[in-house]
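The structure under discussion appears below in the form of structure tokens.
The values are calculated or read from the model by the stated rules, or taken from the named source; none is laboratory data. Remember, predicted model here, so these are calculated numbers, not experimental data. Glycine also receives a Cβ, built like all others from the backbone with ideal geometry; neighbour counts cover every protein chain displayed. Only protein heavy atoms, including side chains, enter the accessible area calculation; ligands, DNA and RNA are left aside. Shrake-Rupley method; radii C 1.70, N 1.55, O 1.52, S 1.80 Å.
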Amino acid sequence: VQTLRIALVGFGVVGQSLAKLFLLKEQEFANVYGMKPNVICIIDRNGLAMDDKGLNLRGILEKKRRTGTVGRSKGEKPNAVIIKSTDADVLVETTPTNFKSGEPGLSHIKAAFQAKMSVVTANKGPLAVAFQALMELARHNNVFLRFSGAVGGGTPILDFGKSCSRGDTLIGIEGILNSTTNFILTNMERQNLSFEEALKSAQKHGYAEADPSLDIDGFDSAVKLVIIVNYLTKRAFTVRDVKITGIREVSIADVQRARDKGKAIRLIASANERLSVEPRLIDRDDPMCVSGPYNAVKFFCKNSGEKVIVGKGAGGMETASSIIRDMLEIRDLLAGRGLT
Ligand SMILES: NC(=O)c1ccc[n+]([C@@H]2O[C@H](COP(=O)([O-])OP(=O)(O)OC[C@H]3O[C@@H](n4cnc5c(N)ncnc54)[C@H](OP(=O)(O)O)[C@@H]3O)[C@@H](O)[C@H]2O)c1
């Protein structure tokens, strides 16, 4: 059984779900995958837990629950310095998303690369700000960067797209990439709510942030679209290349008219000759026409035609499970390279 040494930065919903999955699946990881994840460092906003032999995750989850932090104060030491001081194979980055600066995740990922660690992240911020630079830095340092949890939570949209296009030519992508807006549009449709009423309901159910503008104005979908396209086609788009229209202007009358025609309004991110995010009419029986907090992405390939993947777009356990998928891939890549 091969040990993978892990430094985990960010210990909120996703980070704690990952720790729980490590505990739950310890035996399965060893028996099925021949892997023993060994978490040697956890950092949250104010605290630090570190043990070179491996941390007691049960104890740390309990401590976080009781005290709000994972361990002793990290004082003035920047996270980047702490990350570089660990001897981890992989950094798992699950701090909050910041689309403007990419921080603090961006500095964490760069520090890991400089220390020759691979990185798995669920954080879209650093990818939105510096996708190409980070991919290049990973290559330069001979390590790997994976981020399947950043697009679609637990739904393996990036892996699926990669499989679809292997040996074929990807000619287009269309998708519902934001669960919040899909929840809102579905509720407008099912309960005859106005946009404002449906937004309030989404906030009440925990599907929308107090400031939901990044979701409803389409920016979150655009970032995910750019990540998918750049990853699958090795292009260098940024969010500025996406023409974005959100769902604020969608009225009950629009939704009802669509329903009467056997159609539905969904916020569709698409990439063909150009990149766009906009509310569009789609057929109710289109396999991409999902309802509620779901994502659906359609890949158009030259020879094999259209393929659709559908799944929940977020969730702590779902996203943690994507992180594990990425870690297994990195473990295999490192092993194939003969470095571990
Ligand atoms: N939740 C989901 O369903 C989901 C799905 C897909 C992607 N994501 C992405 O995954 C990331 C994590 O999401 P989440 O829901 O787990 O967020 P969360 O519950 O808010 O947790 C964020 C964690 O990051 C820590 N943190 C904040 N600033 C930090 C800093 N400067 N240094 C070290 N740690 C810091 C926080 O520390 P404290 O605990 O001390 O405050 C907290 O533990 C986000 O980027 C999110 O967009 C989440």
Inset, instruction - Mind jotting down the distance between the C-alpha centroids of region 156-172 and region 212-233, whole Å? - result: 18 Å
Legend entry - Solvent-accessible area, 1.4 Å probe, carbon plus sulfur percent, for region 227-340: 50 percent
Inset, instruction - Nearest 5 is fine: what % of DSSP beta bridges in region 182-340 come out antiparallel, could you say? - result: 85 percent
Inset, instruction - Please identify which residues in region 173-187 have an amide N closer than 12 Å to a label point set 7 Å out from the Cα of Asp241, following the Cα→Cβ vector. - result: none
Legend entry - Relative contact order computed over region 1-43 (Cα-Cα under 8 Å; 6+ residues apart), in percent: 68 percent
Legend entry - Cα-based Rg of region 65-118 normalised by 2.2 N^0.38 Å, two decimals: 1.22
Inset, instruction - Place a +1 charge on the Cβ of each Lys and Arg in region 157-208 and a -1 charge on the Cβ of each Asp and Glu, then give the dipole magnitude about the Cα centre in debye, rounded to the nearest 20. - result: 160 debye
Legend entry - Å² per residue, accessible surface of the chain at 1.4 Å: 45 Å²
Inset, instruction - Could you pull out every one of the lysines with an alpha carbon less than 20 Å from that of Lys263, ignoring same-chain neighbours closer than 8 positions? - result: Lys298
Inset, instruction - Could you order Arg266, Arg331 by accessible surface area, starting with the largest, using a probe radius of 1.4 Å? - result: Arg331, Arg266
Legend entry - Surface accessible to a 1.4 Å probe, Phe195 within the full protein complex, Å²: 10 Å²
Inset, instruction - Provide the solvent-accessible area of Tyr294, counting protein heavy atoms only and rolling a 1.4 Å probe, rounded to the nearest 10 Å². - result: 90 Å²
Inset, instruction - Please report, in cubic angstrom per residue, the volume enclosed by the convex hull of the alpha-carbon atoms of the chain. - result: 142 Å³
Inset, instruction - Give the cross-link partners of Lys53 among the aspartates and glutamates, using a straight C-alpha distance below 16 Å as the criterion and excluding same-chain residues fewer than 8 apart. - result: Asp87, Asp89
Legend entry - Cβ-placed point charges (K, R +1; D, E -1), dipole of region 228-340 about Cα centre in debye, nearest 20: 200 debye
Legend entry - Cα-based Rg / Dmax (Å) for region 24-108: 14.3, 43
Inset, instruction - Using a 1.4 angstrom probe on the protein heavy atoms only, line up Thr69, Thr97 by accessible area, largest first. - result: Thr97, Thr69
Legend entry - Percent RCO, i.e. relative contact order, over the chain, from Cα pairs under 8 Å lying at least 6 residues apart: 18 percent
Inset, instruction - Of the options Leu232, Thr180, His205, report the single residue whose Cα projects farthest towards the positive end of the charge dipole of region 179-295 (beta-carbon charges: Lys, Arg +1; Asp, Glu -1). - result: Leu232
Inset, instruction - Heavy atoms only, probe 1.4 angstrom, no DNA, RNA or ligands counted: give me Glu76, Glu318, Glu306 ranked by accessible area, highest first. - result: Glu76, Glu306, Glu318
Inset, instruction - Give the dimensionless ratio obtained when the Cα radius of gyration of region 242-340 is divided by 2.2 N^0.38 Å. - result: 1.46
Inset, instruction - Consider all pairwise Cα distances in region 89-245 and report the whole-number % of them above 22 Å. - result: 46 percent
Legend entry - Of all DSSP beta bridges in the chain, antiparallel share, percent nearest 5: 60 percent
Legend entry - Percent carbon-and-sulfur accessible area, region 59-217, ignoring ligands, DNA and RNA, probe 1.4 Å: 50 percent
